[in-house]
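Worksheet: one structure, shown below.
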Amino acid sequence: MWQSLLDAYRDRIVDTGREPLFLLLLGLVLSFLFIRLSTRLIRARVRWWPGNVAPGGLHIHHVVFGQTLLLVCGVAAFAVRGDGGAWWNLLGFGFGVGAGLVLDEFALVLHLKDVYWSTQGRTSVDAVVLAVVTIGLLLLGELPLGGFARHPDGPTLAGASVLLALVVVTLLKGKTWTGLLGIMLWPLALVGAVRLARPASPWARWRYRSRPRRLARAERREDRIHRRLVAAKTAAYDLVAGTPDADPETPAVPEARAVPAAPTAPTAPEPVERPVEQPVGPPVERPPAPWRLRCAAAARWYLRIATLLNLLGAVIAPFRAQVERADRGEYFTPVLVTSGFTTALLAGLLAVMLRRRKRAAWIAALALTAAHAAVCAVALAFPQYRAHPFNQVSTGLTVALLLALLAARPVFRVRGGRGNLSLAAAVLLLGGALLTGLGAVAVRLAHTGAVPGWGAAARYAVLRLVTVSGAVEVTDVDVPGWLDLGLNLPATALLLLTLRILLRSPRGTEGRRPEDERALRDLLERHGGRDSLGYFALRRDKAVCFSPSGRAAVAYRVVNGVALASGDPVGDPEAWPQAIEEWLRRARAHAWIPAVTGADERAGTVYVRTAGLRALHLGDEAVVAAAGFTLDGREMRGLRQTCRRLARAGYTVVVRRHRDVPPEEFAGLVRLADAWRHGRTERGFSMALGRLGDPEDGDCLLAECRDEAGRTAALLSFVPWGADGLSLDLMRRDRESDNGLVEYTVAELLRRAGEFGVARVSLNFAMFREAFEPRMGAGPVLRLWRGVLRLLSRWWRLESLYRANARYRPAWEPRYVLYEKPSELPAIGLANALAEGFLTRPRLRRGSRTR
């Protein structure tokens with residue numbers, strides 16, 4: 001279809017001399033859309049957008065630039081002698097750009113005041129629409145008032161006079177659009193003049209005063225038809241041009257007066273539990289209607305099917321040949337149905353992002369569908385395309401998708417992060433230019449015949465970056481088939497990166513306020529003994545969602561688009577469902593993937609019941625009861641020998657609360673802990689506090705192992721777990737000291753736990769513990785899984801953590817990861833690895849480290 005449309009463009013636009021007028025229309029539409037986008041970004045105070053042009057404090061409206069372009073291009077077009085050729089095309093486009101800038105501020109010129117964002121400013125949009133429709137009709141060959149010859153005769157003048165009279169009558173009847181378009185299309189003027197006038201029009205005031213029944217019919221038609229049309233036009237204008245500000249001159253609707261009640265005796269106010277103030281977040285909106293949700297689901301399924309067809313066309317050669325014949329001949333396919341990895345990726349990613357209800361994905365899908373529908377409408381204007389039922393089906397599917405997207409607009413409310421658009425545009429332009437240059441070089445090197453010029457090679461490279469279907473022919477380029485695929489795959493990767501940037505969710509930068517941390521500490525003081533990971537909710541890089549009553553909270557962090565909650569909810573278990581619902585609502589509002597890591601069985605059950613999540617066993621937490629710990633027995637022989645060896649070497653363990661350590665000494669210990677990290681990324685998220693030496697953490701316990709000279713060789717920090725428990729937070733040792741210092745320090749702490757009122761101690765978390773435990777009769781799958789984990793343990797210490805914990809003979813408490821859909825598990829696993837520090841993003845420069 002595309003090659004045929006290009007040929008039709010040459011035959012009907014270029015060869016007939018209408019190309020300057022077409023370029024004028026194109027410049028008008030593009031300049032209007034661009035300037036509306038610019039003003040909306042300025043109105044939203046987007047930081048990266050340049051803003052208004054105001055040299056010396058003088059605000060220059062864009063109508064000034066439009067008038068300058070109109071004057072320059074108009075005068076230059078008259079100054080060109082003979083056949084202007086390319087000059088007329090260039091001047092026509094410039095004239096259209098100037099016309100778009102002027103008409104966008106038509107209301108300012110009409111009212112002689114800045115009414116751009118008021119209801120009166122909608123006159124500018126009316127002027128633009130009228131100009132676009134008029135120029136479009138001129139391109140199609142329609143002339144005003146029926147058209148005139150060079151020397152009109154009497155019948156021609158009479159017909160024009162009748163048509164002009166019909167137009168005047170239509171305008172007097174209050175049908176502005178019908179009358180103005182009737183100048184170009186006489187049937188509209190005839191219908192407008194014959195039918196009833198609008199009730200507020202001059203014709204109705206003059207002619208319907210003595211005809212009440214006709215006036216009543218006009219009022220009923222106004223309510224039944226015209227008000228709906230005006231509402232649809234207003235919605236379309238809001239979508240394209242932005243919603244106007246509230247008109248301050250509009251009188252407010254008076255409030256209904258309440259009937260005074262009889263006086264009653266004053267009663268004591270009932271006590272009301274004050275909820276915890278929530279951070280500023282997205283407002284709670286009414287859910288969309290079910291039929292709109294079904295329209296959104298239909299749009300997603302269409303994109304999924306298009307993705308599958310595009311993949312089949314890219315992989316299967318016969319199917320790709322069928323698509324190429326359809327696109328090159330007198331047939332055309334529905335929107336986003338072609339052969340190529342690029343279009344498959346585009347359709348698939350749009351389907352995924354529409355499922356997450358992202359507004360940017362909806363805008364992209366709507367723009368692509370509307371553009372394709374317009375091309376299909378133009379194609380059906382030609383008999384050779386209209387004669388094939390396949391083309392009508394393709395147009396019907398495209399229009400159906402367009403209507404479904406428009407109907408589902410309220411469903412897609414999630415906005416992207418700041419700066420997505422500018423960064424995505426920069427990546428697309430720079431990457432596209434680089435791939436085009438490299439592709440042109442590859443085309444010239446791989447050409448089988450005469451070497452094509454740089455222009456033809458670059459044009460061919462651009463076409464193959466978009467699709468491998470050959471929808472548009474390049475006759476002077478002949479390259480092997482493998483080069484088409486080699487050009488399309490890098491473009492697919494570039495498109496994936498661009499769309500990933502454009503559609504990425506907000507990063508979740510809302511910080512924790514001091515009152516949030518105080519509320520969390522109050523909850524931990526009352527309910528902190530339920531979960532050994534509860535104190536880690538005080539980690540400063542976690543946000544908090546409180547239940548409406550303030551009796552429970554969910555601590556989470558946004559990592560790579562995943563709202564990753566850790567541990568159990570903090571607070572009263574009776575209020576856990578309300579806190580989980582608030583956390584889930586916030587994740588839905590920002591299109592974050594909800595996930596939980598490190599939840600125990602009870603909390604996992606509540607997450608499953610409340611949020612509909614699924615549970616997956618992640619590993620086990622080692623919990624040692626201090627009262628039953630002893631180094632006696634055959635099973636403790638290895639740990640007992642380690643402790644005796646280090647005791648004979650003169651090592652001692654000093655155990656103190658953080659508040660009992662002098663500040664100067666604590667500062668030195670923090671420097672040692674930071675130095676022993678050897679500059680590596682700090683690991684830990686669900687079982688790490690992320691700081692050491694904070695005055696607010698005075699109840700934490702510090703176990704310090706010193707050598708015979710009194711120098712610190714290892715230190716461990718434990719956070720409180722209720723009133724009688726500890727949970728391991730930080731573990732550091734000097735790598736040049738003797739082995740076994742950590743085990744020795746933990747054993748000494750467990751032996752002296754009664755001195756600090758500690759009855760239980762939570763140690764490290766062992767991922768995939770069951771795979772490392774010796775088991776009789778293990779099958780090939782378990783042995784293979786164990787081998788993979790041992791290979792990964794070379795970098796991430798999976799097996800060594802299990803072996804170290806197992807030496808204390810602890811009780812193993814299962815921990816779970818909770819997810820919503822299996823397809824989201826890779827993203828959740830990546831977010832978990834990034835949060836825990838197993839993976840790190842590459843950075844250009846090194847920032848300051850947080851202790």
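The values are calculated or read from the model by the stated rules, or taken from the named source; none is laboratory data. Model, not experiment: these values are computed from the prediction. Ideal geometry is used to build each Cβ from the backbone, glycine not excepted, and the neighbour counts take in all protein chains shown. For accessibility, only protein heavy atoms count, side chains too; no ligands or nucleic acids. Shrake-Rupley method; radii C 1.70, N 1.55, O 1.52, S 1.80 Å.
Yes/no per residue for (1) under 30 Å from Arg415 (Cα atoms); (2) of a type in the set (Gly, Ala, Ser); (3) modelled with pLDDT of 85 or more:
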residue: Thr338; (1), (2), (3): yes, no, no
residue: Ala347; (1), (2), (3): yes, yes, yes
residue: Ala351; (1), (2), (3): yes, yes, yes
residue: Ala374; (1), (2), (3): yes, yes, yes
residue: Pro383; (1), (2), (3): no, no, no
residue: His388; (1), (2), (3): no, no, no
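Of the residues that make up segment 183-192, is at least one touching a residue at least 40 places away in the same chain (Cβ under 8 Å), open to solvent by 80 Å² or more (accessible area, probe 1.4 Å) and either over 30 Å from His59 (Cα atoms) or not hydrophobic (A, V, I, L, M, F, W, C) (or both)? For segment 183-192, residues touching a residue at least 40 places away in the same chain (Cβ under 8 Å), open to solvent by 80 Å² or more (accessible area, probe 1.4 Å) and either over 30 Å from His59 (Cα atoms) or not hydrophobic (A, V, I, L, M, F, W, C) (or both): present.
Among the residues that make up segment 641-653, is at least one of them outside any loop (DSSP other than H, G, I, E, B) and farther than 17 Å from Gly740 by Cβ? Within segment 641-653, none of the residues are outside any loop (DSSP other than H, G, I, E, B) and farther than 17 Å from Gly740 by Cβ.
Within segment 225-246, can one find any residue that is more than 29 Å from the chain's Cα centre (by Cα), open to solvent by less than 60 Å² (accessible area, probe 1.4 Å) and modelled with pLDDT under 80? Yes, the conditions are met somewhere in segment 225-246. Taking segment 463-483 as the range and being of a type outside the set (Gly, Ala, Ser), buried (at least 18 other Cβ atoms within 10 Å of the Cβ) and either within 17 Å of Val315 (Cβ to Cβ) or modelled with pLDDT of 75 or more (or both) as the test, the residues that pass are Arg464, Thr467, Val468, Leu483.
Checked against (1) of a type in the set (Lys, Arg); (2) assigned to a loop (DSSP other than H, G, I, E, B); (3) at pLDDT 90 or above, Arg680 passes all but condition (3). Given the condition over 17 Å from Leu33 (Cα atoms), surrounded by 14 or more Cβ atoms within 10 Å (Cβ to Cβ) and more than 36 Å from the chain's Cα centre (by Cα), answer yes or no: does some residue in segment 44-67 qualify? Scanning segment 44-67, I find at least one residue that is over 17 Å from Leu33 (Cα atoms), surrounded by 14 or more Cβ atoms within 10 Å (Cβ to Cβ) and more than 36 Å from the chain's Cα centre (by Cα), so the answer is yes. Residues of segment 539-578 that are hydroxyl-bearing (Ser, Thr, Tyr), in contact with a Ser or Thr (Cβ under 8 Å, 6 or more places away or on another chain) and open to solvent by less than 10 Å² (accessible area, probe 1.4 Å): Tyr556 alone. Selection over segment 692-731 of residues that are of a type outside the set (D, E, K, R), over 19 Å from Arg645 (Cβ atoms) and not in a strand (DSSP E or B) gives a count of 8. Only one entry in Leu524, Leu499 is open to solvent by less than 20 Å² (accessible area, probe 1.4 Å), among the hydrophobic types (A, V, I, L, M, F, W, C) and either on the phi < 0 side of the Ramachandran plot or in contact with a Gly (Cβ under 9 Å, 6 or more places away or on another chain) (or both), namely Leu499. The requirement of being at pLDDT below 80 and out of contact with any strand residue (DSSP E or B) (no Cβ under 9 Å at 6 or more places or on another chain) is fulfilled somewhere in segment 171-182, by at least one residue. Meeting the requirement of 2 or more residues that are closer than 26 Å to Gly179 by Cβ and either in contact (Cβ under 8 Å) with a residue 12 or more places away in the chain or touching a His at 6+ places or on another chain (Cβ under 7 Å) (or both), the helices (runs of 4 or more DSSP H) wholly within segment 36-137 are 86-104, 106-111. Determine whether Leu110 is closer than 30 Å to Arg220 by Cβ and open to solvent by 40 Å² or more (accessible area, probe 1.4 Å). Against the criterion (closer than 30 Å to Arg220 by Cβ and open to solvent by 40 Å² or more (accessible area, probe 1.4 Å)), Leu110 does not qualify. For Ala373, state whether it is over 29 Å from Val46 (Cα atoms), touching a Phe, Trp or Tyr at 6+ places or on another chain (Cβ under 8 Å) and touching a residue at least 12 places away in the same chain (Cβ under 8 Å). No: the conditions fail for Ala373.
Residue-by-condition table, conditions (1) open to solvent by 20 Å² or more (accessible area, probe 1.4 Å); (2) over 23 Å from Asn832 (Cα atoms); (3) outside any helix (DSSP H, G or I); (4) at pLDDT 90 or above:
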| residue | (1), (2), (3), (4) |
| --- | --- |
| Ile580 | no, no, no, yes |
| Arg588 | yes, no, no, no |
| Thr597 | no, no, yes, yes |
| Ala627 | yes, yes, yes, no |
| Asp632 | yes, yes, yes, no |
